[in-house]
Amino acid sequence: MRYLSTRGGHETDLVGAMLQGLAPDGSLYVAEELPRFDADEIHGETIAEIGTELLAPFFVDSALADSLAAICDDALNFPIPLEALAVEQGDLAVLELFHGPTLAFKDVGARFLAAAMERALPDLDSKDSRPLTILVATSGDTGAAVAAAFHRRRGIRVGVLFPKDLVSPRQQHQLTCWTGNVRSFEVSGTFDACQAMVKAAFTDADLNTRHRLSAANSINIGRLLPQVVYHAAASLWHYRAHGTQANFIVPTGNLGNALGCIWARAMGMPIGDIILATNANRTIPDFLATGDWQPRPSIQTLASAMDVGDPSNMERLRDLIPDFGELRRAVEVYPVDDAAIRQQIAKDYRRLGRVWCPHTATAAWAYDQLPQARRIGEPWIIVATAHPAKFDTIVEEIIDASVPVPPELAVLLELPAHCEALQPHASALAGALDDW
Ligand SMILES: *Cc1c(COP(=O)(O)O)cnc(C)c1O
């Protein structure tokens, strides 16, 4: 399988696309074509088994082709259950993506990328034996997932940059409880400053002769491919049990998670309608309403991991469906403001005994807004992107109860935390890399 850049002009293989992250012109890599399956052709039961079948065409002709099953077993090794919800009428289930090491769906992609990169390295090392240094700027969730996923991977080091005083206490702990090959840098600046430092490091030619740098951000194709797998698996489990297609509602920020669902449907999986639930950041809803793509600065909401004003994966969606009329028929969008998020968390706690994180609450709200005939007449799956215990400071006040800390988080919270202070300048990061 060849990987092509969305703006044309660049081509590479799977390992190249994973190591580069972005194409040289800043556009995104997509598979030359999406494979097609018949739902009855897939026989795997578990996420890892289904992943091994579905992703095989993406790995053809790659140095990792023989490692796909091992990568799926290694990365997709925590539960991703589809749980029925006890609504009064209708068929509603929740796909729980929050049982990984850092309790958010980003664990899936980060673990898959880490498992793949670790196995790709020996092949590359014949040309370059320097350790691979992954740099990641984070406003919270991504950095923790990447640090956890790459911790103790052979031949790879990770530098996580996060903005001082701008992540929640639990997020900070999850960013700074690692040892060995993971270092955490507390930058006295904003997330944008962290991101600028990472970008500067990648474009600093001198620095790149001394260090082999790579990125693990969420637009990496190695993080997107496994996001196809759990949507496909959930649709197959539903289809095998009921013989019908399920509709999905996906909390959406940068559009990576939902793109996994859209690709799964395009690959022939039994998925019906796809609804994107966004927060008050209106770039996607405004685009689908008007056809005008107008990125803008993000605004802060309770669903902070979805605070994206320039959703980069739209480029991949428009590559898949270039015709605007067709695109508009392919997805719907429900924007959800903070008041609705609060209301939904309180309502579903009373009604279903379920506590949603603020991101998942957007999808639950969208479900409740569906016209009754559609809501009750068709099966629906809402995608739960994070565990509420990660957002305890928001959620506990709304439900007026405490959220028990799940064991995965308790383990991390017990580890000692440490990080290194960094000035918000490219030279400070270069210095830290040289001293590593
Ligand atoms: C990243 C994230 C999202 C948004 O996912 P995208 O792929 O950026 O659309 C939603 N919820 C949580 C908890 C996240 O961490």
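The values are calculated or read from the model by the stated rules, or taken from the named source; none is laboratory data. What you see is a predicted model; the values in this text were computed from it and never measured. Here Cβ is always computed from backbone atoms with ideal geometry, including for glycine, and neighbour counts include all displayed protein chains. Quick note on the areas: whole protein, heavy atoms, side chains included, nothing else; ligands and nucleic acids left out. Shrake-Rupley method; radii C 1.70, N 1.55, O 1.52, S 1.80 Å.
Could you list all residues from the stretch 366-379 that are outside any loop (DSSP other than H, G, I, E, B) and either touching a Lys or Arg at 6+ places or on another chain (Cβ under 9 Å) or more than 14 Å from residue 348 (Cβ to Cβ) (or both)?
Within the stretch 366-379, 367, 368, 369, 372, 373, 374, 375, 376, 377, 379 meet the criteria.
Only one of (1) within 16 Å of the ligand (Cβ to nearest atom); (2) modelled with pLDDT of 95 or more; (3) open to solvent by less than 50 Å² (accessible area, probe 1.4 Å) fails for residue 320. Which number is that?
If we test residue 320 against (1) within 16 Å of the ligand (Cβ to nearest atom); (2) modelled with pLDDT of 95 or more; (3) open to solvent by less than 50 Å² (accessible area, probe 1.4 Å), just (3) comes out false.
Any idea which residue in the stretch 49-89 is nearest to residue 238 (Cα to Cα), counting only those that are open to solvent by 30 Å² or more (accessible area, probe 1.4 Å) and in contact with a strand residue (DSSP E or B) (Cβ under 7 Å, 6 or more places away or on another chain)?
82
List the helices (runs of 4 or more DSSP H) inside the stretch 211-310, counting only whole elements, that have at least 3 residues being charged (D, E, K, R), open to solvent by 30 Å² or more (accessible area, probe 1.4 Å) and within 16 Å of the ligand (Cβ to nearest atom).
none
Hey, any hits in the stretch 6-15 for a residue that's surrounded by 13 or more Cβ atoms within 10 Å (Cβ to Cβ) and of a type in the set (Gly, Ala, Ser)?
no
Just to verify a result, which residue in the stretch 106-139, among those that are buried (at least 24 other Cβ atoms within 10 Å of the Cβ) and basic (Lys, Arg), is nearest to the ligand (Cβ to nearest atom)?
106
Only one of these is among the acidic types (Asp, Glu) and under 30 Å from residue 265 (Cβ atoms): 206, 165, 128, 141. Name it.
Answer to the selection: 141.
Report yes if some residue within the stretch 324-338 is within 16 Å of the ligand (Cβ to nearest atom), among the hydroxyl-bearing types (Ser, Thr, Tyr) and open to solvent by 20 Å² or more (accessible area, probe 1.4 Å); otherwise report no.
Checking the stretch 324-338: at least one residue is within 16 Å of the ligand (Cβ to nearest atom), among the hydroxyl-bearing types (Ser, Thr, Tyr) and open to solvent by 20 Å² or more (accessible area, probe 1.4 Å).
Considering only the stretch 368-389, state which residues are crowded, with 24+ Cβ neighbours inside 10 Å and either away from the ligand (no atom under 16 Å from the Cβ) or β-branched (Val, Ile, Thr) (or both).
380, 381, 382, 383, 385
Suppose the filter is closer than 29 Å to residue 129 by Cβ and in a helix (DSSP H, G or I); does residue 198 pass it?
yes
Would you pick out the residues in the stretch 414-436 that are touching a Cys at 6+ places or on another chain (Cβ under 8 Å) and hydrophobic (A, V, I, L, M, F, W, C)?
415, 417
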